[in-house]
Amino acid sequence: MFDSPSGERTLEIYLDHAMLTLTCAAAEGVRHYLRLADSTLKPLPPLPEALAFSPGDAYIALTPGASKIADSPAIARFLHLRDYFNADKLAVALLMHLVELAGTDEFPEDVTVLVIEAR
């Protein structure tokens, strides 16, 4: 779950390990995506249907602060072109890309990246 600095919940996630599904609800400004193992990237609406996972698929979410640095197409392009298939590496690479775009290592507000990968 993401909580804003004011304590408002911005993202809720429920992961069903047995069924390999993820349900989520995102507040306005949260960007989230389903990246399939074949690199297909699906931007998600605030309340998508349950997402079914296969090995290599990943759910990626970014707090609203990321939108102050890059628009959705720029983030989507970066995610589509990366074949890390490792949640930690993808999260770090995305944060480093946002630092590069911001031109500073200090963001205008909180930026958090969440990557959940199916293995």
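Overview of results
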| quantity | calculated |
| --- | --- |
| Filtered residue count, region 27-68, keeping only those that are part of a loop (DSSP other than H, G, I, E, B), without any contact (Cβ under 8 Å) to a residue 60 or more places away in the chain and either farther than 14 Å from Asn86 by Cα or of a type in the set (D, E, K, R) (or both) | 13 |
| One residue from Asp83, Asp88 being assigned to a helix (DSSP H, G or I), touching a residue at least 24 places away in the same chain (Cβ under 8 Å) and charged (D, E, K, R) | Asp88 |
| Residue count, region 68-105 (criterion: basic (Lys, Arg) and in contact with a helix residue (DSSP H, G or I) (Cβ under 8 Å, 6 or more places away or on another chain)) | 1 |
| Answer from Ala58, Ala91, Ala70 - the residue that is more than 18 Å from Ile13 (Cβ to Cβ) and of a type outside the set (D, E, K, R) | Ala70 |
| Test: residue in region 21-28 that is over 12 Å from Glu117 (Cα atoms) and crowded, with 19+ Cβ neighbours inside 10 Å | yes |
| Matching entry among Glu109, Glu100 (being at pLDDT 85 or above, among the acidic types (Asp, Glu) and at negative phi) | Glu100 |
| Tally of residues being surrounded by fewer than 17 Cβ atoms within 10 Å (Cβ to Cβ) and either assigned to a strand (DSSP E or B) or over 12 Å from the mean Cα position of the chain (by Cα) (or both) across region 69-79 | 4 |
| Index of the failed condition, Asn86 passing every other in (1) under 12 Å from the mean Cα position of the chain (by Cα); (2) closer than 21 Å to Ala118 by Cβ | (1) |
| Region 97-119 residues that are over 26 Å from Asp38 (Cα atoms) and touching a residue at least 12 places away in the same chain (Cβ under 8 Å), paired with ones that are surrounded by fewer than 17 Cβ atoms within 10 Å (Cβ to Cβ) and of a type outside the set (Val, Ile, Thr) (beta carbon under 6 Å, 6 or more apart) | Pro108/Lys68 |
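The values are calculated or read from the model by the stated rules, or taken from the named source; none is laboratory data. Source: prediction; values computed, not measured. Counting neighbours? That spans all protein chains shown, and the Cβs are built from the backbone with ideal geometry, glycine included.
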